[in-house]
Amino acid sequence: MAQLKAPSLQSLLESDRGSTDSLQLDLEFEGLDDVEFAIPPTDVLPTLETVLSEFEADSDVASELGMPVPRATPTPSIGEDCGVRGDGRGGSSSGSIMRYTLLHGISAQLNSAAERVNAGAASACAVAAYIAVGTSHGHILNFDVTQTLRWAHQDKHSQGAVSTMAFNADSTRLLAGFARGLVTMLDTQTGDVLRELFDVITPNSGVLHVKWTSRTSLALCADAGGSVWSLSFTRKLGIRGCSSRCLFSGARGEVCAVEPLIMDAHGRHELDQYCIVALATLSKYFIVTVRPRLRVIKFHALQGPADCLPLLAWHMVLIQAADTTRSVDPVIVVGRGNQLFFHQLFVANGRITLLYLRHVQLHSSLLSAHWLGPKCVASLDTSEILHLVDVRSSRELECMDMANAGLVYGSAQFKGLATGGNVSPAFALAGTNACYNSVVSRGTQLYVLGARSLHIIGVRTWSERISYLVKNHRWQEACQLALDGYVASAERPRKRAQAKERIIMLFKEYIANSARAPDYCLGAIVNCLITIGELDLLWTQLWERLHNNTELFLQHISEHIEQETIHSVNPVISQALVDYWLQQSPAKLEQLILKLDWMCLDLNQVLKAVKKHQLYRAQLYLNACALNDYTTALTELLPPLRADQTDLGNCLLVYISSCLAGRRFPSGDIPEDQVQQVKHDVLRCLTSQHSSSSPVDELPYPYLRALLKFDTRETLNVISLAFQEREFSNELGYSHRKRIIYLLLEIMTPENATWAEIGCLLNFIAQQISTQCLPRDKQLLERVLSYLAQESIANESTRQHSERESAWHELLTSNCLADISSDEEQLKLAQRARCYYVVEYLLEKLQRYDNMLDCLIHNPTRHETMFAYMERHVNNSERRIYAQLREHLGELLEINATETTRIIALHYPGKISELVELLHGKKPLLFRLLQCLNERHCELQPIQMELLLELYCNLEQPDEVLEFLKNSAGYRLNKAVDIVERHQLKRAVIYLYEQQECYAKAFDLSMELLRAADVNAAEKEAKEIAELLARAAPTLPEKELERCWFTLLQYILPQQELQSITKSMLHEASQHIDLHNLVQLIMNTHNVSSSFGDIKDLLMSMLISSRQETEALRLAADKLCQNLHTEFAEQRHLARRGLWVTSMRCLICRQRLYDQTPVLVLGPCGHAFHERCWSETTALQKCPRCEEPLPFEPDDAQQLSIVRLPCPSQHLLKSSNTMELGSLQLKAPPRRFC
């Protein structure tokens, strides 16, 4: 059967109706190639989504694993014909989200139309069930889902380019707008023209937008004048009509963008009853309802660059509120420049509300913004780079460079070129990069119209992205994406099951493609299978495929065991795992065994390995958990334990502590029915009198003795924790405690242990007795006290001494020693043993506060508490804080001078002189006291400040002395000068001379320092002298100042090493001495280091300064004169203003104000009276008529601000029949005086 070919564009244009009804089969014309465009048979037409979603493998991607890449026919990849390239700035899965497709069939027809019938380049497009493309010469081409040209329409009225198009909801009608104002309605099935509307918009303006609304018979149209019109289509008696109404006039703001809200026809929403439209101008955007009545819902300001248009796009989005309620509401994205704003539209309490959701800022200005599904927005920037933004996270997912697509811009319509350019400059500038009608979206696909091509960018689904990555052998990214989807579907079982199936499919694809490189991307595959719980596939298919390449597999399994994501492995793999890590790292093997379930291990293999390599933790774990034997490992490991085997000893202590607490080593719990037996067995093992081997020279209780010898303190801590268990809390438990204590005393004898170890034991016993964990045995207490009260113990550390004090203190607080000795005896024993913490407690108990401070001073650990004690009891006379502070002042200053001084300054400011006298002869302590008092800004006497200065001179560096003089006050200058001169501190003397305003002496002494300074310090000294003379200029006599400068310059000018500062010195000197004398000094100085150029620069700078000063004086005088003139003009204007006289009679004599006497007008009320009727002595505070307060002159509070009117002259009086002769007339317009 012969294949039918698509009709050519020429045949369509030559047909009568422009539809397929009039087409006849003609074999002579040149048609399209079915093979090239893959046109399917007519009985199996695919859907539009199926055609547009079809994609194929990229031809330029080579197989990494040696697998051939399948090829598809319909559309090429991104990198082949079209030249559109991926940018690569996306996330980890860059290039896998957006799918590019070039529609070859439509693109070929556009080329054919341009070449054969002069249709021009494409100018606008619209997409629904059909794809319509308009051209610059007024042609409209309509394609179906197979890219077959159904019909073509050509404008016969010379209306210019097709500027915009739109399909209605059911794709039965197509509205098209033209550049010269024509709006045409076409039947999408036949291509017949149903309506041609010439006068529905502003005359002589083009159509920018046509949009169908949610009402089937209502459309919107925006013109180049910025106005928006509603088009209501009617059909009465078979006659089609249209009524147009202006909704928004361009005179109030030019509308650039129009976007109606189209609700889902099958959904039910509260907004279905409204016809809602979003409009945007260059300065704001607003939401309005067209039906049932026209009303503005909300508007916002919209700012952005002048050459950017506003962008609008609606979409229905599932939104979860803060109270976890969900709703599907329309969300509008509004953009301009590089800003995107998202708002939710919903009905609340019967009112339509617009709620702000979020804001996204991109890196460049945008040309378009469209929804691609409810989660993503695609935005095209001015560089023609397409950005895909995730709405919820505001993160850019991927971007694609569309520069080679040849995007069509609609700037000609915004500039009004077809209608004579009758648009505003702002509108034309903003529409420079307009592409409203060349970039459109439908569902999850974006259509980009080129001059002779049509491109589609779609968003791949999660499963499609995985398939795409697998096809391009990007296994790592595919696995990560699959895991992300599986984790994200945790709360949705159905989605989770689908994700699990897709991961299993991904594993099978990996197995099928990994024949040559079975270990490629192995870690990601292992992670996927472990995450979804498909371990059988891991142990069988994957393990069998690896053959001899098992090392990498075992490493990945080990990582998951360490992370505790798996706890059991296949027995075969466990054997291989043990063999592998025995060779690589036995320590790593021990960590793995501790985290694995012992049931998956070969016990014979593992036990031999752990004993051979001394993996003690693994041995304890396996004996306890696998063999249910908790003592055999102890009997094997404890006897050979040495003090240097730290790891083994600590491990055994932790194991014993866990067993006695009912816990399994290293984690978990012992079964409840075995807890009592395990505790009993372990305790019996430890207290066994002989070991299992029992050599001849073995001492009693070898296991407990070995632990005590390894670490006495930690062993006793383990026993202390065991005593807290409920088994030791009854009468039998007390007897067990006592037995263990006596065992410890029997083991820890001076012959077999050091005194430090015995001390730890006795401290432990004291703590047990004080906490009533042991009965009070007098003999035992005496033994403990004899140790605690020892005056000296060899090699006792600070920690051990502190523990001895704590144990003694706990016995005292629990009143355990009351039957042995009294508090007085205990105090003497504690003082001899230097247990000051115990002494402090006993002194407090006996209320002997006189020696409390001495006790605290001798206890270094209580120094911080000592000052808090003094602060707390400073007002308690019984504590005698000041007497003790006075007695131990030196020691307190050595401990912490700052805190001691703080207490003195706050509580004993009147005792400062006494304390200073007390420290006479102890210079360091006295200096520290006075220094801290001065730093606290205490008011010291002048003699004390001078004493502090003396101490500074003796104990500190000269710089510290100078700093003290600068930052302190209260000393007498003459005494301070004597002190620093006696210590020959010249810089300090210079500073003091300056404070006394003895600048000449300070200068002479500074010159001595300058002459004695070396080459490196001379420059600094000279600058300091210059600064000194600058500060002395206001005080020093002119001749004396000139002498000092001459002396300084006479020394500096001949010095070659000071040549760098000569110029600056001359400039500085020129401000204080006569120029003539300065030049003469320079010329008379022999061997002057300055050149003639320096002198010339000096003179020129002085002339320039003089000229600048003269110019500044002239400008200031001009400005002053100008201000005076302005003020004078204002005052003259005020004085010449007319007055508003509200009364024509005198307020005092009630006679008319027309006679020849002067008239006085009061304040803002305008009332007046004769001057002769008012006396200066009369005190008026307010108007006698209306009681309005009278203004006073600013310079005199008693002088009223009253305007005096001169006597009316004859030329002010005019004869009039309607006006009484002699009435008061004003030349100036009336005004109210204020």
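Read-outs: derived from the displayed coordinates by stated rules, not from any lab. Predicted, not measured: the structure shown is a model, and the values here were computed from it. Positions of Cβ are backbone-derived with ideal geometry, glycine not excepted, and every protein chain shown enters the neighbour counts.
Post the alpha-carbon centroid distance, the stretch 516-538 to the stretch 625-642, in whole angstrom. So the two Cα centres are separated by 39 Å. Once the Cα-Cα distance is subtracted from the 0.36 nm per residue extended length, the GLU725 to ASP519 segment shows a gain of 68.8 nm.
In this simple spin-label approximation, GLN1108 and ASP144 carry label points 7 Å from Cα along the Cα→Cβ vector, and these lie 8.8 nm apart. For the stretch 940-1008, applying the loop criterion from DSSP together with a ceiling of 16 other beta carbons within 10 Å to the GluC sites (Glu not before Pro) yields GLU956, GLU997.
Note on LYS923: lysines with a C-alpha under 20 Å away, same-chain residues under 8 apart excluded, are LYS911, LYS975. In this structure, LYS966 and ASN896 have a Cβ-Cβ separation that, at R0 = 30 Å, corresponds to a calculated FRET efficiency of about 0.65. Summed over all non-identical Cα pairs, the Kirkwood treatment of the stretch 98-460 gives a radius of 20.5 Å.
How large is log10 of I(q)/I(0) for the chain at q = 0.07 Å⁻¹ when the intensity is taken from the Debye formula with one equal scatterer per alpha-carbon? Treating every Cα as an identical point scatterer, log10 I(q)/I(0) equals -1.03.
Eigenvalues of the Cα gyration tensor times 5, then square-rooted: what semi-axes does that give for the stretch 123-271, in whole angstrom, largest first?
Numbers: eigenvalues 98, 82, 46 Å².
In descending order, the three semi-axes are 22, 20, 15 Å.
Full extension of the chain between GLU956 and HIS863 gives 30.7 nm of extra length, using 0.36 nm per residue less the Cα-Cα distance.
Sorting the segments 832-839, 349-356, 232-239, 196-203 by their residues' average number of neighbouring beta-carbon atoms within 10 angstrom, most packed first, yields 832-839, 196-203, 349-356, 232-239. Taking 0.36 nm per residue of sequence separation and removing the Cα-Cα distance, the SER393/ALA322 pair yields an extension gain of 23.9 nm. Kindly provide log₁₀ I(q)/I(0) values, in the same order as q = 0.17, 0.23 Å⁻¹, from the Debye equation applied to equal alpha-carbon scatterers of the stretch 462-549. At q = 0.17, 0.23 Å⁻¹ the computed log10 ratios are -0.65, -1.14. Taking a sphere under 11 Å around the Cβ of SER489 and counting the other residues whose Cβ falls inside, with K and R at +1 and D and E at -1, yields a net charge of +4.
Among the GluC sites (Glu not before Pro) found in the stretch 467-501, those both in a DSSP coil and sparsely packed, with 13 or fewer other Cβ atoms within 10 Å of their Cβ, are GLU491. Here r is the Cβ-Cβ distance between LYS508 and SER693 and R0 is 45 Å; the resulting FRET efficiency, rounded to 0.05, is 0.15.
FRET efficiency for TYR356 and ASP187, Cβ-Cβ distance as r, R0 = 51 Å, nearest 0.05? Show your work: numbers first, answer last.
Values: r = 43 Å, r/R0 = 0.84.
It comes to 0.75.
In loop segments of the stretch 938-1023 as defined by DSSP, the trypsin sites (Lys or Arg not before Pro) with at most 13 further C-beta atoms inside 10 Å of their C-beta are ARG972. Ranked for footprinting exposure by Cβ neighbours inside 10 Å, fewest first, GLU805, GLU731, GLU270 give GLU731, GLU270, GLU805.
Once both labels are positioned 7 Å from their Cα atoms along Cα-to-Cβ, the gap between ASP673 and GLN154 label points is 9.8 nm.
Taking 32 Å as the cut-off for C-alpha to C-alpha distance, list the pairs among LYS375/LYS471; LYS298/LYS415; LYS236/LYS284; LYS709/LYS778 that go past it.
On the way: LYS375/LYS471 26 Å; LYS298/LYS415 29 Å; LYS236/LYS284 39 Å; LYS709/LYS778 28 Å.
As for pairs spanning more than 32 Å Cα to Cα, those are LYS236/LYS284.
Annotation: the residues VAL210, VAL874, sorted from fewest to most other C-beta atoms within 10 Å of their own C-beta, follow the order VAL874, VAL210.
Can you bin the stretch 956-1030 into rounded, prolate or oblate? Criterion: square roots of the alpha carbon gyration tensor eigenvalues sorted a ≥ b ≥ c, rounded for a/c under 1.5, prolate for a/b above b/c, oblate for the rest.
Values: a/c = 1.87, a/b = 1.50, b/c = 1.25.
Prolate is the answer for the stretch 956-1030, as a/c is 1.5 or above and a/b outweighs b/c.
Only helices enter the 222 nm calculation for the chain: every DSSP H run of n ≥ 4 contributes -39,500 (n - 2.57), and dividing by all residues gives -13000 deg cm²/dmol, rounded to 500. Taking 16 Å as the straight-line reach from the Cα of LYS922, the aspartates and glutamates in range (excluding those fewer than 8 positions away in the same chain) are GLU887, GLU891, GLU894, GLU914, GLU950, GLU956.
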